[in-house]
Amino acid sequence: MSEERRTNARKRTLRGGKIVYGDYRFTLDCVVRDMSDEGARLKCEHLTEAPDSFFLFDPNEGILRRAEVRWRRSKEMGVAFEGAPINIHTSPDPRLARFRYL
């Protein structure tokens, strides 16, 4: 049996998300299967198109989080979050305005 390496337990979820990359220009739809403050497990039909580093957008919360891929299997991947979340409603970055309508 594999050893648990997470410091925080992930909570099961079933919510839509978006993988955002290419200076916020490109998105891929995904499903967030479980999440913690440190990372998440994502399911994505077009997993091979996702880069190793991207932002995960949660449209329900209006939050972007920088994510690094830790593993990939079939149509799922595990990511670790880096840095503080970005709130699209309060960020001064004009490139994030389009996410208010996704």
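General remarks:
- Some residue of the range 60-72 being at pLDDT 95 or above and more than 13 Å from the chain's Cα centre (by Cα): yes
- Residue in the range 15-23 that is farther than 26 Å from PRO92 by Cβ and either assigned to a strand (DSSP E or B) or at pLDDT 95 or above (or both) present: yes
- Per-region count, the range 60-85, residues in contact with a Lys or Arg (Cβ under 7 Å, 6 or more places away or on another chain) and not charged (D, E, K, R): 7
- Within the range 35-55, the set of residues being of a type in the set (A, V, I, L, M, F, W, C) and over 15 Å from LYS11 (Cα atoms) comprises CYS44, LEU47, ALA50, PHE54, PHE55.
Yes or no, residue by residue, for (1) in contact (Cβ under 8 Å) with a residue 12 or more places away in the chain; (2) under 18 Å from ARG95 (Cα atoms); (3) buried (at least 19 other Cβ atoms within 10 Å of the Cβ):
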| site | (1), (2), (3) |
| --- | --- |
| LEU42 | yes, no, yes |
| GLU45 | yes, no, no |
| THR48 | no, no, no |
| ASP52 | yes, no, no |
| LEU56 | yes, yes, yes |
| ARG66 | yes, yes, no |
| VAL69 | yes, no, no |
| GLU76 | yes, no, no |
| PHE81 | yes, no, no |
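The values are calculated or read from the model by the stated rules, or taken from the named source; none is laboratory data. In this text, all values refer to a predicted model and were calculated from it rather than measured experimentally. Glycine gets a Cβ as well: all are built from the backbone with ideal geometry, and neighbour counts include every protein chain shown.
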